[in-house]
Every structure is written in C-alpha cells, then in structure tokens.
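Worksheet for the structure shown next.
The values are calculated or read from the model by the stated rules, or taken from the named source; none is laboratory data. Bear in mind that the values here come from a model prediction, so they are computed numbers and not experimental data. With ideal geometry, Cβ positions are generated from the backbone for all residues, glycine too; neighbour counts draw on all protein chains shown. We work out accessible area using only protein heavy atoms, side chains counted, and drop any ligands, DNA or RNA first. Shrake-Rupley method; radii C 1.70, N 1.55, O 1.52, S 1.80 Å.
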Amino acid sequence: MKQKLYKCLMLLIALPTLYGCYGIRPSRGGAEAKTSERKINPMDISLPTGYSIEAVASDLTFPTGIAFDGNGLMYVVESGYAYGETWTQPHLLKIESSAKASVVATGSENGPWNGVAFYEGQFYVSEGGERDGGKILRISKEGEVTTLIENLPSMGDHHTNGPIVMNGYVYFGQGTVTNSGIVGEDNAKFGWLKRHPDFHDIPCSDIVLNGKNYKTDNPLTDDPDDKANTGAYVPFNTTTHEGQIIKGSLPCSGSLMKIPLEGGEPELVAWGFRNPYGMAAQNDKLFVVENGFDDRGSRPVWGTGDILWEVKENQWYGWPDYSGHEPLDHHGYKVPGKGTAELLLKDHPSEPPKPVAVLGVHSSSNGLDFSTSEVFGFNGKAFIAQLGDMAPNVGKVLGPVGFKVVMVDVELGIVKDFALNKGNKNGPASQLKKGGLERPIAVKFHPDGKSLYVVDFGIIDTSGKGTVSRKGTGVVWKITKQ
C-alpha cells in the first residue's frame, strides 16, 4: 500500500487532476472504526473561551429534537427509527430538572420522529413515516395526539422533517425518495424498495425529462442475471424517454410545505431540495439546511457539500441537477474513476440562487437555530448540528467529517467550528475513546437565550456488514457562557 501511495503521489505531482490516489486509499469515516462504549465527559469537548458544557440528559434512544414549553421546561423526541432498519417506539419525553425523563406521548412504529416545536400550549412533531408515510402531529401536554396531515411521500431514503411554526402555519420539510432521482440497488440496501417497489420521487410542478436511463442488477428477483433499467421520477425498472413530461402534484418530495395550525391540505413553499432537514426563522426570514448528494446508487455524485439556504417562496433550489448554484455536470463533481452525473431535466424550472453557506461534504448538517441574545453572544449567528459522515454507505471519506456544532455568519457565509471534540483527530467520541460529542443532530436555544442545547443522537457503527445504531446512548448537552 505504501508503494502505491508513493507512486500516486508522484503521479499527482505530474497530473494534478488524476483521481487514482483517491481510488486506492481506504475510506476512514467516523463510523467505520469499531466503537467503544458511550462515555460522558464534558472536559473532552472544545469550546470558545468563556463557554462551558454539561450533560443534562442521557440514556436516550435515538433522540432527534428538542423544544421548551412556556415555562422553559425541556422536552425531547426519541426517533423510533434509525438507519440500519432499527425500529423502536417514538416518544415525546419531558425532562425534569433532575434529568429524569417521563413519557408524554408514544407513537407507532412509523418513525423517525425527526423534530418537535412548541407553540401556544401544543407540541408539533414531524413523523418521518418510513413504513406508512409521513405525518405532522399535534400533541397536547396531556399526551393527546392529533394527526394534522398524513400520507406524505416519506417511505424512501429521506423523511418528513422540521417542523417550525411561523405566520400561523406549520412549516415542514419533505426529503426525496432517492439520492439523486433514480430508484436503484442502493434503495434496496436501505430496506424500503422491497416494501414499496412502486415508490419514486414526485415533482412539485411539471418537469420535462432528458430520458436518461440506468441499467443495474435487479434486487427484486432471485435471478442473478436479471437486469433492471430505470429512469428519473418513475418506479424501479421503468424507463423514460427524452421529452417525457412528469406531472407535478402535492404533496411532493424534495420540498418545503406548510399547513394551517389546525391541519389541512399542504401548500408549497419551495422545492428542489434533496433533504431539507433543519429549519429556523430569523428576522422573518426562513432558513433551511439541506443534506447534499452521496456517492452511491445508479447516479452517484461526488464532492457536494451540505447547504444552508435562505428560502424564498416558490423558488426552485436545484435538485436533482444542481448542488447549490453549480450543475452536477461541473468537472468538480466528477466521481473518481467514473465521470460526472448526467443532467436529468431537459428544462430547468429556473436557475437556483446562491447558497448562504456551503458546509462539509458528508457532514450530515441537520438541526439549526439562531442566537438572539447578547448574554450568550454571537447574536444573529446560525448554529448547526453536524451528525457526521455515514461512510462507507454515502461514499468514501479520507477522515471523519462532522461530529460537531458549527457557527455560520449568514451575512458573509463564513463557517466556524463552535463545539467539537478535543485532540488532533476528528470523529465521534466513542471512536476517539473519549467522552465528548458523538453525533449532534439538533440544536436549540433556551427561550431565555442564555443557553444552547445540543441533542446528541448516540453511537452509529458501520464497521460491520451493516449500520448499527445503539440504543440508550443518546445525550442532551447544555452550553452556557460563563
């Protein structure tokens, strides 16, 4: 291996655009090394001078969101589902001052519950809907659950996300069914293709296709020689042709939608996102964090970062043919040893705007909130929780990416680390054999603005044959300015 790396280094000096070195180097993602048990030690976390951190809740199973009621009391949602097809019951938990958790409401095995918001005495929860379709739920403090909308297109790779409440509506994100528009073998590995073999992405408005089709093995049959040929926005093993029109409809995938507080039909806010996950409002502006493409499936895409957007209503944001402001046939997105992704749409709805900021490739940038307090500091800055890479399932990385909380100046687009594990190596705490951050997935400022709470999903291990998420390893951290 050392000789190969040396030869590649010499070639790279002569040919800077050669991808051969990348191809032979092993992937070193944050979940690929076998992890140790979960430890909790705030001293293992690096923060800016003058800030401290403590664990205020632990032993949680797949926590994904946090909210505070009108009295400032903390509530957390446990997902009920984790990649690797791990199913449990989702919960809304009340966290007492003693860090003891009590169950407010329990959902069915149709997770993940991806987030929670509190507004005028009610909780609003996004039910991801991996098994039966996404929902937005309203939950009273007494635990009464009301479904405000259901049958959202969530049974694929990505789910129903959010929510937030603003202007008398519940806003939520709806992720795409696939990585990049084509149903393929990677979706069978995720587990959903056999459950829903006719499921595919749905555009929000009419689109015209280029007619690109992709041939793969057929995982739905036992014949090893059986092949499938699949186009964009259609079921697996269905072809398309140039000029074919795919009708748009609501609800649709890869979108932001809204419904009235009492429920009702969805209204489109914006579309063309891959997986719009974290959402927050700041000065009457709506911001969303989008998870970027993976190097997997029939139409792999390489080198696209996660994106922070300021959302304008009725705007198209580029999926499945753009990452930010750049089309995917740009040479910078060439997959090593292969090529760039072919564009799927013949006519694009519009030119995507420029992002507020581009975040780390495969960082899985998720939960989002803004500081609004001079007491905490960094007033007006965005804080984003980065779950960290899921390599090798998402593609190769040469070192762990994410596993921290970053801060973004939304005026300048500058991204800085805010909370991360100490040491010369990045990665989840269990891999580093320390007691710091594992997989931050959500952030939320307390209503008094004095403290930032970080929801830490817990241990995810991809070092074996599949993805294993460990129950009871989730934590909530509290960061305060001393």
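Condition (residue is part of a strand (DSSP E or B), over 15 Å from Gly162 (Cα atoms), at pLDDT below 95 and over 21 Å from the mean Cα position of the chain (by Cα)) applied to the stretch 325-347: is it met by at least one residue? Yes, the stretch 325-347 contains at least one residue that is part of a strand (DSSP E or B), over 15 Å from Gly162 (Cα atoms), at pLDDT below 95 and over 21 Å from the mean Cα position of the chain (by Cα).
On the stretch given as the stretch 355-389, residues that are among the aliphatic types (A, V, I, L, M), in a loop (DSSP other than H, G, I, E, B) and within 23 Å of Glu326 (Cα to Cα) total 1. Name the one entry in Lys215, Lys194 that is touching a strand residue (DSSP E or B) at 6+ places or on another chain (Cβ under 8 Å) and either β-branched (Val, Ile, Thr) or surrounded by fewer than 19 Cβ atoms within 10 Å (Cβ to Cβ) (or both). On inspection, the qualifying residue turns out to be Lys215.
Take the stretch 424-467 and flag every residue that is touching a strand residue (DSSP E or B) at 6+ places or on another chain (Cβ under 8 Å), closer than 28 Å to Gly72 by Cβ, surrounded by fewer than 24 Cβ atoms within 10 Å (Cβ to Cβ) and not hydroxyl-bearing (Ser, Thr, Tyr). Correct list: Phe445, His446, Pro447, Lys450. Filtering the stretch 434-482 to residues that are part of a loop (DSSP other than H, G, I, E, B), within 16 Å of the chain's Cα centre (by Cα) and among the small types (Gly, Ala, Ser) leaves only Gly458.
I'm trying to understand the selection: among the residues of the stretch 25-57, which are part of a strand (DSSP E or B) and open to solvent by 50 Å² or more (accessible area, probe 1.4 Å)? Correct list: Glu54 only.
All conditions but one from (1) open to solvent by 50 Å² or more (accessible area, probe 1.4 Å); (2) more than 13 Å from Leu344 (Cα to Cα); (3) of a type in the set (D, E, K, R) apply to Glu242; the one that does not is (2). Against the test of being in contact with a Phe, Trp or Tyr (Cβ under 7 Å, 6 or more places away or on another chain), at pLDDT 95 or above, of a type outside the set (Lys, Arg) and open to solvent by less than 40 Å² (accessible area, probe 1.4 Å), the options Val116, Val76 yield a single qualifying residue, Val116.
Being crowded, with 21+ Cβ neighbours inside 10 Å and either under 30 Å from Gly211 (Cα atoms) or not aliphatic (A, V, I, L, M) (or both) is true of Pro352.
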